[in-house]
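*Asks:* Okay, handing you the structure first.
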Amino acid sequence: MAINGDLIILSVYDGAAYRPVACLTSNSLSETTNVLESVTKCNPGETLKTKGTRSYNISAEGEYIDTTSAGGQTTLASHDYLKTLADAGNINWRMATGLADNPFYYGEAIITDLGLTAPANEITTFSATLEGSGAIVTTDPLI
């Protein structure tokens, strides 16, 4: 059965709990494996390939809402809260998987790109890119 994208929610850790990133219109997780190639006289005419390092990034887009001011939705995270985290350094994140056996992925990342788009007479949106630091795991490392 296909998993509904509405179930895959990115959250960021605020020091006490994970805050869902608010009003997402899209989020994604992309993993990459570096391939090491070797050509030697031991195996003439053959290129041997070996798994190298792994890396990942997360991207997210959503509608901008107030998540830091008095009266704002302070249990959520939007551009305003993500900016605070980006200024602080590495963050911990969690992403729901929609899977019964492993309901979440966890990791540490740096917010490398944070954008805010405010066109006239339209809803303000934000985008964020997180570059992973370390491995993605299925057990919360903060517990």
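What follows is calculated from the coordinates using simple rules that are stated; it is not laboratory data. These numbers were taken from a predicted model, which means no experiment stands behind them. Reconstructed Cβ throughout: ideal geometry from the backbone, glycine too, with neighbour counts over all protein chains shown.
*Asks:* Suppose a student asked you for the relative contact order of segment 5-137, using Cα pairs under 8 Å spaced at least 6 residues apart; what percent would you report?
*Replies:* The normalised contact order for segment 5-137 reaches 25 percent.
*Asks:* Separate question: Go ahead and estimate [θ] at 222 nm for the chain from helices alone: -39,500 (n - 2.57) per DSSP H run with n ≥ 4, summed, over the residue count, rounded to 500.
*Replies:* About -2000 deg cm²/dmol.
*Asks:* Within segment 1-85, list the GluC sites (Glu not before Pro) lying in a DSSP loop whose Cβ has at most 12 other Cβ atoms in a 10 Å radius.
*Replies:* Here the GluC sites (Glu not before Pro) that fit, given the DSSP loop and packing criteria, are GLU46.
*Asks:* Determine the dipole magnitude for the chain: charges of +1 sit on the beta-carbon of Lys and Arg, -1 on that of Asp and Glu, nothing else is charged, the reference point is the Cα centre, and the result goes in debye to the nearest 20.
*Replies:* 500 debye
*Asks:* In what order do SER69, SER127 fall by count of nearby beta-carbon atoms within 10 Å, going from fewest to most?
*Replies:* Neighbour counts put them in this order, fewest first: SER69, SER127.
*Asks:* Quick check: convex hull of the Cα atoms in segment 1-49, volume per residue, rounded to a whole Å³?
*Replies:* 184 Å³
*Asks:* Taking the Cα atoms of the chain alone, what are Rg (to one decimal) and Dmax (as a whole number) in Å?
*Replies:* Gyration radius and largest Cα-Cα distance of the chain: 18.7, 69 Å.
*Asks:* Moving to a separate point now. Given segment 14-88 reduced to its alpha-carbon atoms as identical point scatterers, what log10 I(q)/I(0) does the Debye formula return at q = 0.25 Å⁻¹?
*Replies:* Once normalised to I(0) and log-transformed, intensities are -1.13.
*Asks:* Please find the FRET efficiency linking THR124 to ALA88, where r is the Cβ-Cβ separation and R0 is fixed at 30 Å, and quote it to the nearest 0.05.
*Replies:* Once the sixth-power term is evaluated, E becomes 0.80.
*Asks:* Which of the trypsin sites (Lys or Arg not before Pro) found in segment 13-75 are in a DSSP loop and have at most 12 neighbouring Cβ atoms, other than their own, within 10 Å?
*Replies:* For trypsin sites (Lys or Arg not before Pro) across segment 13-75 that sit outside H, G, I, E and B with at most 12 neighbouring Cβ atoms in 10 Å, the list reads LYS41.
*Asks:* On a C-alpha basis, how far is the centre of segment 2-26 from the centre of segment 59-120 in Å? Whole number, if you could?
*Replies:* Taking the Cα centre of each part, segment 2-26 and segment 59-120 sit 8 Å apart.
*Asks:* Take THR84, THR47 and order them by how many other Cβ atoms sit within 10 Å, fewest up front.
*Replies:* Final ranking by Cβ density, sparse to dense: THR47, THR84.
*Asks:* Going toward the positive end of the dipole of segment 5-137, with +1 on Lys and Arg Cβ and -1 on Asp and Glu Cβ, which of GLN73, SER55, THR117 do you reach last?
*Replies:* Comparing the listed Cα positions along the dipole, SER55 ranks first.
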